[in-house]
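Data block below; observations after.
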Amino acid sequence: MDLAKRRGFIWGPSPNIYQGGVSGFYDWGPLGKLLKNKVESLIRKGFSEQSFWEVECPVIMPRAVWEASGHLEGFVDLIAKCHKCDSVYRSDTLIKEQLPKLNIEGFSFDQLREILEKKKIKCPKCKNELTIAEPYNLMMQTTIGLNQEAYLRPETATTTYLLFPEYFRFFRTKLPFGVFQIGKAFRNEISPRQGVFRTREFTQAEAQLFILKENFNNFEKYEEFKLEKLPLMKEKSKNIKLITLDQAIKNKIIKTKSYGYLIALAYKIVKDLGFSEKDIRIRQHSKEELAHYAEDAWDIDVKTKNFGWFEICGIHNRKDYDLKRHEEFSKQNFKVQEEIPTILEIAFGLERPTYCLLENAFVTDKVRDWLNFPVGMAPIDIAIFPLVKVDKELVKISKELFHKLDKEFICIYDENGSIGRRYRRMDEIGTTLCITIDGQTLKDNTATIREISTMKQIRVNVNDMADITRKILNNEIKFEKAGELI
Ligand SMILES: [Zn+2]
């Protein structure tokens, strides 16, 4: 977090100038925002390529929506307060911290309360008694107009489901169909302490497939993914098993082809974000972890260098729970051929994969501190330098090249300081390629490109620059093969 702050990736807690900010809120600085944008556009591309259509819904919804969705009643944490110092704790976190050997996964509020009392768990700060734990709703409340009770959405998904009748007409009454939404969601977490891993405001990218039972296993797109090898970790298993989607279906590890397809699609997107295969696992929820409406759920976790495994995506089979509830509460008819459709869902958060990419990128070696992003994922793709700024001709060519490349890539122009210092500045923020316009350029119209990980340089013609950098950044050619190595 310290490095992320200093280099302009993540700032906060926000608003920092007022009492040091409020925990659970962060600002994405210029480089962090560029990185997060790349994560967002790759996820958007992953969904769109598979014919999911993007929608955008309001962030604020009236009480009726959250009554129907079950959030008003069920989206709660059990909290305990300290009499003396007024600290507030999540009961489950408190128990996990003080009794790490106890497995409380899936415990009811009554069971958690019993442990708090029996084990006489005290306030970690002042060692005083805690009050009896009570449920606390995690949704942020607001008011529409003068007095209409409303809440900020705790997930994008619910707002997406509500449009089912409109989709049904838009997709010409044919199921299955897919939609997705990328946007903000809010959760009033109790004392969030895990930096950008648990925030009160965050961005989600969630895709839904609306499907009827007859298509659970009669699903065309399955064929495209069935030979994909997946690193699966079955419920309660400690081992990752690398098997094809097709084997997983045949062995009934994954129950239906349509749901298996979504798991494989989510996995493909995570790989496209640049996480290496050995750092990804797909983990099934145990019965205790499963939400009451869920038929099955798998998480995709990625491994970070310093903090181990982190969940960045969930794939859920929500059955007909959501549409059934909204049909009942809104008194509309959502049935298609006498059947309420099932929703299968991929849920990404954007902050976590962005942070994991940043954290995995950090490298310290003998020569330098630098950021080693997967090719194409660096916040800035290309830096363009004139070797010396006193030479007006070099500056002119550099600026022309900058304006040309900047149309297609994220570019930066820098003419200040020695060339060595400029390279170092770019290493610190992970810029993949540095192009230098020098005296030789005036003679034969060639310039150097330096690649960050090897620090090697090649010479290529300035006219070919856009084409060559594109191929390198898209992983189509190896850097060393792209020009004359010098
Ligand atoms: Zn206390």
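The values are calculated or read from the model by the stated rules, or taken from the named source; none is laboratory data. As the structure is a computational prediction, the values presented were derived from the model and not from experiment. Note that we place each Cβ from the backbone using ideal geometry, even for glycine, and neighbour counts take in every protein chain shown. Heads up: the accessible areas ignore ligands, DNA and RNA and are worked out on the full protein's heavy atoms, side chains in. Shrake-Rupley method; radii C 1.70, N 1.55, O 1.52, S 1.80 Å.
Cross-link candidates for Lys81: which aspartates and glutamates have Cα within less than 14 Å, leaving aside residues fewer than 8 places away along the same chain? Cross-link targets: Asp92, Glu117, Glu129, Glu134. Compared with the rule-of-thumb size 2.2 N^0.38 Å for a compact globular protein, segment 9-54 has a Cα radius of gyration ratio of 1.60. Averaging over all projection directions, the Cα-based convex hull of segment 2-108 occupies 12.3 nm² in the image plane. So, with a 1.4 angstrom probe, what is the percent of accessible area on segment 396-485 that is carbon and sulfur? With neighbouring chains kept in place, the figure for segment 396-485 is 48 percent.
Is there a pair in Lys96/Lys278; Lys38/Lys96; Lys45/Lys184; Lys33/Lys96; Lys184/Lys287; Lys221/Lys407 whose C-alpha atoms are over 24 Å apart, and which pairs would that be?
From the list (Lys96/Lys278; Lys38/Lys96; Lys45/Lys184; Lys33/Lys96; Lys184/Lys287; Lys221/Lys407), the Cα-Cα distance tops 24 Å for Lys96/Lys278; Lys38/Lys96; Lys33/Lys96; Lys184/Lys287; Lys221/Lys407.
Within the same chain, aspartates and glutamates fewer than 8 places from Lys366 are excluded, and of the rest, those with a Cα less than 17 Å from its Cα are Asp427, Glu428. In segment 146-300, carbon and sulfur make up what percent of the accessible area (probe 1.4 Å)? Whole-percent figure for carbon plus sulfur exposure: 48. In terms of Cα atoms, the Rg and Dmax of segment 405-482 work out to 12.2, 33 Å. When the surface is traced with a 1.4 Å probe over the full set of protein chains, His83 keeps roughly 120 Å² accessible. Scattering from the chain was approximated by placing one identical point on each alpha carbon and applying the Debye formula without solvent; log10 I(q)/I(0) at 0.06, 0.12, 0.13 1/Å stands at -0.35, -1.18, -1.30. Residues of segment 429-457 with backbone nitrogen within less than 12 Å of a virtual label 7 Å along the Cα-to-Cβ line of Val367, please, listed as ranges. Counting only backbone N, you get 450-457. On a per residue basis, the chain carries 50 Å² of accessible surface, using protein heavy atoms and a 1.4 Å probe. Surface composition of segment 1-142: carbon and sulfur atoms hold 53% of the protein heavy-atom accessible area at a 1.4 Å probe.
So what is the diffusion coefficient of segment 384-443 in µm² per second by Stokes-Einstein at 20 °C and 1.002 mPa s, using a Kirkwood Rh over Cα pairs? It comes out at roughly 183 µm²/s.
Candidate cross-link partners of Lys257 among the aspartates and glutamates, defined by an alpha-carbon separation under 17 Å and a same-chain spacing of 8 or more, comprise Glu214, Glu220, Glu223, Glu224, Glu228, Asp246, Glu295, Asp296, Glu345.
Given N residues in segment 343-405, what is Rg(Cα) / (2.2 N^0.38 Å)? It would help to have the intermediate numbers written out before the result.
Working: Rg = 18.5 Å, N = 63, 2.2 N^0.38 = 10.6 Å.
Relative to the rule-of-thumb radius for its length, segment 343-405 sits at 1.74.
Could you compute how fast segment 314-418 diffuses translationally, taking Rh as the Kirkwood radius over C-alpha pairs and applying Stokes-Einstein at 4 °C with viscosity 1.567 mPa s? Give it in µm² per second.
Numbers: Rh = 19.2 Å.
The diffusion coefficient I find is 67 µm²/s.
Electrostatic bookkeeping for Glu73 treats Lys and Arg as +1 and Asp and Glu as -1; over the other residues with beta carbon under 13 Å from its beta carbon, the sum is +1.
I need the P(r) histogram for segment 166-249: all alpha carbon pairs, bin width 5 Å from 0 out to the longest distance, whole percents. Computed distribution, short to long bins: 3, 10, 12, 11, 14, 17, 16, 12, 5, 0. One Cα centroid belongs to segment 132-146, the other to segment 26-99; the line between them spans 15 Å.
Over 21 Å between C-alpha atoms is what I'm after, so list which of Lys396/Lys443; Lys389/Lys443; Lys213/Lys324; Lys36/Lys268; Lys213/Lys236; Lys404/Lys471 land there. Spell out each step's value before the answer.
Numbers: Lys396/Lys443 15 Å; Lys389/Lys443 18 Å; Lys213/Lys324 15 Å; Lys36/Lys268 18 Å; Lys213/Lys236 28 Å; Lys404/Lys471 16 Å.
From Lys396/Lys443; Lys389/Lys443; Lys213/Lys324; Lys36/Lys268; Lys213/Lys236; Lys404/Lys471, over 21 Å: Lys213/Lys236.
With only alpha-carbon pairs counted, each pair once and no self-pairs, how large is the Kirkwood hydrodynamic radius of segment 230-286 in angstroms? Before the final figure, lay out the partial values.
Working: mean 1/r = 0.0860 Å⁻¹.
Hydrodynamic radius (Kirkwood, Cα only) of segment 230-286 equals 11.6 Å.
In plain terms, the chain from Asp279 to Glu105 could stretch by 60.2 nm, reckoned as 0.36 nm per residue minus the Cα-Cα distance. Could you tell me how far the Cα centroid of segment 211-238 sits from the Cα centroid of segment 440-486, in Å? The two parts, judged by their Cα centres, are 42 Å apart.
Report, to one decimal in Å, the Kirkwood hydrodynamic radius for segment 238-343 based on all distinct Cα pairs. Numbers along the way, then the final one.
Working: mean 1/r = 0.0640 Å⁻¹.
Every distinct Cα pair counted, the radius reaches 15.6 Å.
Sorted from longest to shortest, the spans of the Cα atoms of segment 82-221 along the three principal axes equal 63, 45, 28 Å.
Give me the Kirkwood hydrodynamic radius of segment 351-486 in Å, from all C-alpha pairs, to one decimal place?
On the way: mean 1/r = 0.0661 Å⁻¹.
Kirkwood hydrodynamic radius for segment 351-486: 15.1 Å.
Applying the criteria of a DSSP loop state and at most 14 other Cβ atoms within 10 Å to the trypsin sites (Lys or Arg not before Pro) of segment 97-175 yields Lys101, Lys119, Lys120, Lys125, Lys127, Arg172, Lys174.
For segment 192-232, the direction-averaged projected area of the alpha-carbon convex hull comes to 5.7 nm².
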